[in-house]
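Asker: Dropping the structure in here first, questions after.
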Amino acid sequence: MKTQNLFVIGFGTLLVVLTGCKSPERFTSLGTPGGGSSFASGSGSKPLDLGTPPLELNGKTTSGEEVIGVNAYGLSDDSDLANRDMDRSAFAADTVYFGYDLASVKADEATKVARVLEAVKARGTGYDLLIEGHADERGTEEYNRALGERRALAIRELLTKSGLEGTRVFTRTFGKDQPAVASHDEAAYSQNRRGEFVLVLPKKLITTQNTK
Amino acid sequence: MIKGFCLLVVVSGILRAADPIDLGPITRSVDSLGFMKPIPVNVTGFSGEVDSVLRNDLAFMGFEFVSADKALFQIQKNSAAGVGASITQLQYNKAFTGGSTRQQTHALADDIAKTITLKPGIAQTRIAFKTRPRSYGAGEISISDYDGFNAMPVTRDGAICAAPAWGGNNTLFYMTHKLSGKPDILSHNLASGARKAIARHPGMNSSASVSPDGRRVAMILSKSGSPDLWVSDLDGGNLKQLTTTKEDESSPCWSPDSTKICFASRDSGRSRLYTVSASGGRMQPLSIAGVSNLSEPDWSPDGKFLIFTANMGGFRICVMPMEGPLRGTATTLVDGEDPVWAPNSRAVMFVKNVNNRHVLSLLDVPSKKTKDLGTIKGDASQPSWAR
């Protein structure tokens with residue numbers, strides 16, 4: 001393991017240590033609840049620094065039970081997605097909208113998927129595609145998080161069935177956390193049940209310095 | 001004497017084993033769902049913070065406040081240092097010192113509740129939840145006392161954080177977009193501040209739920225091509241896929257014996273609840289009459305009830321007995337979502353929508369009485385109760 005798993009976030013350690021007092025018989029001294037409940041919180045003075053990835057991806061997990069490989073189960077390794085440059089405007093007009101509580105791509109929406117497919121193919125290797133799945137606010141939070149992912153995966157499936165390499169298509173869900181329109185009626189909901197396409201630009205060439 | 005206290009349960013022997021105080025026989029009765037009927041008590045002598053904290057605590061641990069002549073137990077302030085009470089009928093006389101007045105009062109409330117109801121106290125427990133300035137966008141994980149006091153942030157990720165779940169040893173599990181811009185699951189030791197990614201697979205990693213025995217984590221991962229139920233060790237190792245549906249699963253919770261997982265799935269079109277063995281096997285639908293579009297189940301720590309959200313033109317909190325003749329019949333309690341049981345299998349924390357702002361609220365399930373946690377600012381949701 002080249003990276004350490006531990007990230008200490010803040011030093012705002014709050015000790016909930018209650019003073020134990022000598023009490024007369026039949027009287028109870030209040031001990032530390034839960035047998036020692038000191039904890040650190042992110043409210044400390046040090047800024048949060050997550051630094052390098054805590055798990056070694058494409059290798060073994062900390063307990064060595066399972067290899068998380070690229071496409072081990074069909075999805076692409078997205079561990080460096082946060083570090084890639086993205087173009088959100090390239091396919092802004094091609095957002096796919098879904099029916100209420102549905103994750104299937106409607107026929108009239110599939111033309112957008114086809115357009116994106118051709119555009120990504122034309123860009124050639126190095127360019128990847130990120131699909132962001134969203135839901136309206138009428139489902140519960142984790143239900144919608146799963147529904148948003150399912151929508152993104154439904155679009156991904158159309159693309160891969162049409163010949164786009166699975167390794168080039170990433171998905172991420174926002175559930176109902178990022179509505180396109182933040183109001184509470186069907187006009188907003190129909191805009192919020194969606195899959196957005198983001199063009200992921202080629203990885204930057206990194207010039208490494210030989211320090212040896 | 002109190003009408004309706006017909007089901008006689010002699011508990012004095014049990015109490016005597018653990019406590020030198022001789023309680024004498026206590027009579028109890030239960031309601032149609034099997035919950036203990038509220039125990040009528042008269043509380044006197046307290047004032048200010050102690051009085052309000054004590055009453056609030058007892059109200060969510062199975063007590064109701066009545067006049068002295070109607071009370072089964074007379075709880076009166078004693079003259080000891082700290083916060084203390086005597087209960088004439090029980091020869092109970094205790095006081096709690098150390099900590100803050102609020103903590104002393106919580107300790108007294110828990111002790112009284114444990115002595116009389118034989119259920120675990122809830123007044124000294126903590127909750128974790130998601131907080132944010134408004135009802136959408138990035139949020140953080142916070143913790144507080146069960147009544148919303150002493151709230152403090154756990155994360156400062158400046159990203160979408162969600163779905164906190166308590167594990168053992170002062171550890172929280174939750175989802176954050178901080179690492180890779182999409183949902184990954186971390187464990188966070190609140191004592192040391194150490195954070196570890198335990199699920200950082202391609203696609204979605206969310207909805208962690210730690211087994212009551214503290215050994216396994218259930219979660220929803222999409223790396224197999226759709227959001228499925230998986231289970232792993234606490235560090236993310238020993239990962240096993242439990243469902244393989246094309247549609248999405250969500251919101252796993254555990255049976256009290258840690259052998260089964262209950263979750264929501266859209267496998268049959270609309271969202272229903274299912275159970276599956278934590279070691280693998282076929283997922284079994286739960287047949288629940290009268291409600292539809294179900295999600296967010298939580299299994300009571302005593303194993304007797306399932307509480308969940310029904311989405312029927314608005315979110316409703318529903319409860320269903322897991323045993324006896326009423327298994328399969330849901331009772332709708334209040335409007336709200338994301339219910340989670342207290343350690344006493346009677347109180348529940350849930351999320352109420354107040355003018356499109358999410359507010360945490362306490363619910364006494366048998367009486368349907370609620371109390372909003374007014375001390376928490378902003379939008380608060382997704383409670384997890386440390387139990």
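The values are calculated or read from the model by the stated rules, or taken from the named source; none is laboratory data. Predicted model only: the values in this text are computed from it and were never measured. Neighbour counts run over all protein chains shown; Cβ positions are idealised from the backbone, glycine included.
Asker: So is A:Gly126 modelled with pLDDT under 95 and within 13 Å of chain B (Cβ to nearest Cβ) or not?
Answerer: Values: modelled with pLDDT under 95: yes; within 13 Å of chain B (Cβ to nearest Cβ): no.
Taking the combined requirement at face value, the residue does not satisfy it.
Asker: Out of curiosity, is A:Tyr143 aromatic (Phe, Trp, Tyr) and more than 11 Å from every other protein chain (Cβ to nearest Cβ)?
Answerer: Answer is no for this residue.
Asker: Of the residues B:Leu286, B:Leu229, which is touching a strand residue (DSSP E or B) at 6+ places or on another chain (Cβ under 8 Å) and closer than 23 Å to B:Pro164 by Cβ?
Answerer: It is B:Leu229.
Asker: From the residues in the stretch B:70-88 that are in a loop (DSSP other than H, G, I, E, B) and more than 12 Å from chain A (Cβ to nearest Cβ), which one is surrounded by the most Cβ atoms within 10 Å (Cβ to Cβ)?
Answerer: This residue is B:Ala71.
Asker: Residues in the stretch B:340-369 that are in a strand (DSSP E or B) and crowded, with 19+ Cβ neighbours inside 10 Å: how many?
Answerer: Going through the stretch B:340-369 one residue at a time, the tally reaches 15.
Asker: Return the residues of the stretch B:128-175 that are of a type in the set (Lys, Arg) and farther than 21 Å from B:Arg357 by Cβ; say none if nothing qualifies.
Answerer: B:Arg156
Asker: Check whether at least one residue in the stretch B:297-304 is under 20 Å from B:Trp385 (Cβ atoms) and touching a residue at least 60 places away in the same chain (Cβ under 8 Å), and report yes or no.
Answerer: Checked the stretch B:297-304: at least one residue is under 20 Å from B:Trp385 (Cβ atoms) and touching a residue at least 60 places away in the same chain (Cβ under 8 Å).
Asker: Quick check on this structure: which one of A:Glu149, A:Glu132 is charged (D, E, K, R), in contact (Cβ under 8 Å) with a residue 60 or more places away in the chain, outside any loop (DSSP other than H, G, I, E, B) and under 15 Å from B:Gly203 (Cα atoms)?
Answerer: Values: A:Glu149 fails: in contact (Cβ under 8 Å) with a residue 60 or more places away in the chain.
Among A:Glu149, A:Glu132, only A:Glu132 is charged (D, E, K, R), in contact (Cβ under 8 Å) with a residue 60 or more places away in the chain, outside any loop (DSSP other than H, G, I, E, B) and under 15 Å from B:Gly203 (Cα atoms).
Asker: Please specify each residue of the stretch B:335-379 satisfying the condition of being in contact with a His (Cβ under 6 Å, 6 or more places away or on another chain) and more than 21 Å from B:Ala310 (Cβ to Cβ).
Answerer: Within the stretch B:335-379, B:Asp379 is the sole residue that qualifies.
Asker: Among the candidates B:Asp228, B:Asp213, B:Asp184, which residue alone is more than 8 Å from every other protein chain (Cβ to nearest Cβ), among the acidic types (Asp, Glu) and touching a residue at least 24 places away in the same chain (Cβ under 8 Å)?
Answerer: B:Asp213
Asker: Just checking, does the stretch B:271-285 include any residue being crowded, with 24+ Cβ neighbours inside 10 Å, assigned to a loop (DSSP other than H, G, I, E, B) and over 24 Å from the mean Cα position of the chain (by Cα)?
Answerer: No: the stretch B:271-285 contains no residue that is crowded, with 24+ Cβ neighbours inside 10 Å, assigned to a loop (DSSP other than H, G, I, E, B) and over 24 Å from the mean Cα position of the chain (by Cα).
Asker: Taking the stretch B:370-381 as the search range and keeping residues that are in contact (Cβ under 8 Å) with a residue 60 or more places away in the chain and among the β-branched types (Val, Ile, Thr), which one is surrounded by the fewest Cβ atoms within 10 Å (Cβ to Cβ)?
Answerer: B:Thr375
Asker: Moving to a separate point now. Provide a single number: the residues in the stretch B:89-113 that are part of a helix (DSSP H, G or I), of a type in the set (Val, Ile, Thr) and under 14 Å from B:Asn78 (Cα atoms).
Answerer: Final tally of qualifying residues: 2.
Asker: Step by step: first the residues of the stretch B:128-152, then only those that are over 17 Å from A:Pro179 (Cα atoms), more than 17 Å from the chain's Cα centre (by Cα) and surrounded by fewer than 17 Cβ atoms within 10 Å (Cβ to Cβ), then the one that is farthest from the other protein chains (Cβ to nearest Cβ). Which residue is that?
Answerer: B:Asn150
Asker: Quick check: anything in the stretch A:101-119 of a type in the set (D, E, K, R), in contact (Cβ under 8 Å) with a residue 60 or more places away in the chain and within 13 Å of chain B (Cβ to nearest Cβ)?
Answerer: Checked the stretch A:101-119: no residue is of a type in the set (D, E, K, R), in contact (Cβ under 8 Å) with a residue 60 or more places away in the chain and within 13 Å of chain B (Cβ to nearest Cβ).
Asker: One residue is enough: does the stretch B:315-333 have a residue meeting the conditions more than 22 Å from B:Lys119 (Cβ to Cβ), among the aromatic types (Phe, Trp, Tyr) and crowded, with 23+ Cβ neighbours inside 10 Å?
Answerer: Yes: one or more hits.
Conditions tested, residue by residue: (1) of a type outside the set (Phe, Trp, Tyr); (2) at pLDDT 95 or above; (3) over 22 Å from A:Thr173 (Cα atoms); (4) not in a loop (DSSP other than H, G, I, E, B).
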residue	(1), (2), (3), (4)
B:Gly121	yes, yes, yes, no
B:Thr131	yes, yes, no, yes
B:Ser135	yes, no, no, no
B:Ser142	yes, yes, yes, yes
B:Arg156	yes, no, no, no
B:Ala162	yes, yes, no, yes
B:Ala165	yes, yes, no, yes
B:Tyr174	no, yes, no, yes
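Asker: Quick one: would you say B:Gly99 is facing another protein chain (nearest Cβ under 8 Å), at pLDDT below 95 and surrounded by 19 or more Cβ atoms within 10 Å (Cβ to Cβ)?
Answerer: yes
Asker: Do we have A:Gly163 as small (Gly, Ala, Ser), exposed (fewer than 15 other Cβ atoms within 10 Å of the Cβ) and either out of contact with any Lys or Arg (no Cβ under 6 Å at 6 or more places or on another chain) or more than 13 Å from chain B (Cβ to nearest Cβ) (or both) here?
Answerer: yes
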